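Below is one structure, written out as structure tokens, with a few remarks after it.
The values are calculated or read from the model by the stated rules, or taken from the named source; none is laboratory data. All of these numbers come straight from a predicted model, not from anything done at the bench. Cβ atoms come from the backbone with ideal geometry, glycine included; neighbour counts cover every protein chain shown.
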């Protein structure tokens with residue numbers, strides 16, 4: 001029996017900004033219900049990869065297909081409606097809006113509007129601190145609370161796949177660990193599909209079923225599990241100092 005096709009598949013994707021090319025023939029796949037890590041140092045192309053999938057920038061060549069739909073030819077707002085939620089690097093919250101108004105923005109897509117109250121109750125259950133802070137301006141939250149709000153806002157659209165870009169950036173180590181724990185809880189509880197870009201190798205392998213190492217805009221290695229990632233010479237050199 002043949003296995004089911006991947007939920008999301010990139011083939012030979014190239015992308016960049018103007019004359020600067022950031023991705024070189026990147027190919028990867030994400031299967032339904034799994035968490036996949038894209039691990040690499042600063043400037044490796046992780047953020048560009050996330051932006052290409054969510055439609056914020058367009059590839060110059062290659063294909064991006066989710067459940068048979070060509071995302072490279074799909075407008076960004078339609079990609080959200082297809083169930084893709086992007087948690088960007090540095091959160092990108094509406095700082096002068098309240099916590100609850102930020103959450104409302106996450107549930108703005110037409111398909112999510114009928115589910116708004118249910119999703120709001122759900123995210124307040126998942127993130128009780130946000131309920132306490134719901135009237136507070138997002139910009140006045142702590143870094144850890146802002147990361148929780150960014151995740152909760154993404155959940156308001158009832159996504160099928162979460163793109164999470166550098167969740168550890170700007171957080172103290174204990175908050176990084178709590179954030180990764182929360183992502184893992186969300187993925188397991190709701191059987192979410194997760195594609196996470198992260199430079200913190202030790203945290204990424206805690207959640208990833210599989211992982212790709214990206215260096216200079218190219219996929220340098222694919223690990224089918226945490227052991228393969230831990231034992232790879234490239235990973236040991238770049239991340240473990242061995």
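Points worth noting:
- Evaluation of residue 76 against (1) at pLDDT 95 or above; (2) under 20 Å from residue 159 (Cβ atoms); (3) surrounded by fewer than 23 Cβ atoms within 10 Å (Cβ to Cβ) (one fails), failing number: (1)
- Residue match in the range 60-70 (condition: within 20 Å of residue 220 (Cα to Cα), crowded, with 16+ Cβ neighbours inside 10 Å, touching a residue at least 12 places away in the same chain (Cβ under 8 Å) and assigned by TED's automatic domain parsing to the domain that holds residue 203): yes
- Index of the failed condition, residue 188 passing every other in (1) in contact with a helix residue (DSSP H, G or I) (Cβ under 9 Å, 6 or more places away or on another chain); (2) without any contact (Cβ under 8 Å) to a residue 40 or more places away in the chain; (3) under 26 Å from residue 8 (Cα atoms); (4) not in a loop (DSSP other than H, G, I, E, B): (1)
- The helices (runs of 4 or more DSSP H) falling completely within the range 104-170 that include 1 or more residues that are touching a strand residue (DSSP E or B) at 6+ places or on another chain (Cβ under 7 Å) map to 143-155.
- Of the residues making up the range 144-157, none is in contact (Cβ under 8 Å) with a residue 60 or more places away in the chain and surrounded by fewer than 19 Cβ atoms within 10 Å (Cβ to Cβ).
- So residue 41, is it within 23 Å of residue 203 (Cβ to Cβ), assigned by TED's automatic domain parsing to the domain that holds residue 123, surrounded by fewer than 23 Cβ atoms within 10 Å (Cβ to Cβ) and touching a residue at least 40 places away in the same chain (Cβ under 8 Å): no
- Inside the range 51-69, residues that are closer than 19 Å to residue 193 by Cβ and in contact with a strand residue (DSSP E or B) (Cβ under 7 Å, 6 or more places away or on another chain) make up a count of 7.
- The residue that is farthest from residue 6 (Cα to Cα), counting only those in the range 34-67 that are over 13 Å from the mean Cα position of the chain (by Cα) and assigned to a strand (DSSP E or B), is 61.
- Flag set for residue 51, criterion: in the same structural domain as residue 169 (by TED's automatic domain parsing) and either buried (at least 17 other Cβ atoms within 10 Å of the Cβ) or under 23 Å from residue 205 (Cα atoms) (or both).
- Residue 191 meets the conditions (1) modelled with pLDDT under 90; (2) assigned by TED's automatic domain parsing to the domain that holds residue 105 in every case but one. The failed one is (2).
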